[in-house]
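Chemist: One structure, as structure tokens, below. Some questions next.
What follows draws every value from the coordinates through simple rules; no lab data is involved. None of these values were measured; they are calculated from a predicted model. Every residue, glycine as well, gets a Cβ built from its backbone with ideal geometry; the counts of neighbours run over all protein chains shown.
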Amino acid sequence: MNHQPLIELRDVSKVYPLKAGDVVALDRMSLSIDAGEFLAIMGPSGSGKSTLLNQLGCLDRPTSGDLLIGGRNTREMDDHELTELRLNTIGYIFQKFNLVPLLTAYENVEFPWLMKHRRPDDTGRVESLLSQMGIDTAMATHRPAELSGGQQQRVAIARALVNDPRILLCDEPTGNIDSVTGRQIMEMIKGLNEQGRTVLMVTHDPTVAAYAKRQIVIRDGRLA
Ligand SMILES: Nc1ncnc2c1ncn2[C@@H]1O[C@H](COP(=O)(O)OP(=O)(O)O)[C@@H](O)[C@H]1O
Ligand SMILES: [Mg+2]
């Protein structure tokens with residue numbers, strides 16, 4: 001049987017058309033990622049790391065080239081299928097947490113569950129994930145602004161996991177938290193990889209990248 005990567009980029013370019021001229025953020029990049037990998041994407045600021053992660057996470061469509069997930073070409077998926085893929089297969093963790101300010105921690109974690117199941121969580125999964133992340137029932141009633149950066153990121157991780165995704169994308173997951181809390185967050189992410197999830201992480205920090213099993217460096221939208 002042929003070996004099939006979980007994620008495959010083939011000659012992917014991403015061009016942002018700007019008045020001052022086109023910005024080629026990704027330049028014909030090809031990359032294969034196997035199920036179970038923990039990949040760190042490194043490179044200087046502006047090199048295209050977030051753009052790459054956004055393509056891998058189907059948050060954006062490539063200008064040209066192909067992105068295959070589980071052997072399926074995402075170019076052949078319509079918006080509904082891509083939404084399902086984002087909801088069921090991929091969890092997202094961002095540098096700035098991206099929690100909804102008006103929702104409590106609990107409601108933030110429950111949000112993707114509601115999007116998927118169209119009813120509240122009556123299985124206890126939201127509470128159990130929050131508790132695994134060290135957020136107790138009282139803290140779960142707080143809004144993001146009432147939580148520390150580390151607590152917000154742990155809520156964001158619980159949210160990323162609520163629909164049990166195979167793939168976890170992290171863009172500078174420790175970028176806005178202190179180094180001690182950052183290490184705790186990285187231990188959690190490492191544990192999620194050890195449980196079998198594929199983790200793709202953007203970072204410019206070598207200590208953070210060291211948690212990954214494979215590191216790639218990009219420069220000017222190309223693999224260095
Ligand atoms: N939405 C956008 N519109 C226009 N240019 C963008 C956009 N997003 C990123 N860029 C440009 O694309 C390049 C790569 O950006 P990015 O992927 O954010 O880099 P990194 O995450 O490595 O800092 C940069 O030159 C950046 O200015
Ligand atoms: Mg970035």
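Chemist: Could you pull out which residues in the range 1-25 have an amide N less than 14 Å from a spot 7 Å beyond the Cα of Ser32, following the Cα-Cβ vector?
Modeler: Once the point is set 7 Å along Cα→Cβ of Ser32, 1-11 turn out to lie under 14 Å by backbone N, inside the range 1-25.
Chemist: Right, something else. Suppose the chain between Arg118 and His80 were pulled fully straight at 0.36 nm per residue; how much longer would it get relative to their current alpha carbon spacing?
Modeler: Numbers: separation 38, 0.36 × 38 = 13.68 nm, distance 1.56 nm.
Full extension from Arg118 to His80 adds 12.1 nm.
Chemist: Please report the relative contact order for the chain, taking Cα pairs under 8 Å with a sequence separation of at least 6, and give it as a percent rounded to a whole number.
Modeler: On the way: 419 pairs, mean separation 68.8, N = 224.
That works out to 31 percent.
Chemist: Specify the angular offset, from 0 to 90 degrees and rounded to the nearest 10, of the alpha carbon long axis of helix 149-161 from the longest principal axis of the alpha carbons in the chain.
Modeler: Rounded to the nearest ten degrees, it is 70.
Chemist: Could you pull out every one of the aspartates and glutamates with an alpha carbon less than 16 Å from that of Lys213, ignoring same-chain neighbours closer than 8 positions?
Modeler: Asp34, Glu37, Glu187, Glu194, Asp205
Chemist: Further question on the same structure: Rg (Å, one decimal) plus Dmax (Å, integer) for the alpha carbons of the range 117-160?
Modeler: 10.6, 30
Chemist: Once the other residues with Cβ under 10 Å from the Cβ of Thr203 are scored (Lys, Arg +1; Asp, Glu -1), what is the net sum? Kindly include the intermediate steps, with their values, before the conclusion.
Modeler: Numbers: positive: Lys49; negative: Asp171, Glu172, Asp205.
Once all neighbours under 10 Å are counted, the net charge is -2.
Chemist: Radius of gyration and Dmax for the chain's Cα atoms, expressed in Å?
Modeler: 17.5, 52
Chemist: Say the cut-off is 22 Å between C-alpha atoms; which of Lys96/Lys190; Lys14/Lys190; Lys14/Lys49 go over it? List each step's numbers first, then the result.
Modeler: Values: Lys96/Lys190 20 Å; Lys14/Lys190 30 Å; Lys14/Lys49 12 Å.
Listed pairs above 22 Å: Lys14/Lys190.
Chemist: Among Pro120, Val155, Ala140, which residue has its Cα positioned farthest towards the positive end of the charge dipole of the range 76-181, with +1 placed on the Cβ of Lys and Arg, -1 on the Cβ of Asp and Glu, and the dipole taken about the Cα centre?
Modeler: Ala140
Chemist: If you stretched the chain out fully between Val15 and Leu59, how much longer would it get, using 0.36 nm times the residue separation minus the C-alpha to C-alpha distance? Show your work: numbers first, answer last.
Modeler: Working: separation 44, 0.36 × 44 = 15.84 nm, distance 1.49 nm.
Stretched out fully, the Val15 to Leu59 stretch lengthens by 14.3 nm.
Chemist: For Ser128 and Glu146 in the same chain, what is the full-extension length gain: residue separation times 0.36 nm, less their Cα-Cα distance, in nm?
Modeler: Working: separation 18, 0.36 × 18 = 6.48 nm, distance 2.09 nm.
Gain on stretching Ser128 to Glu146: 4.4 nm.
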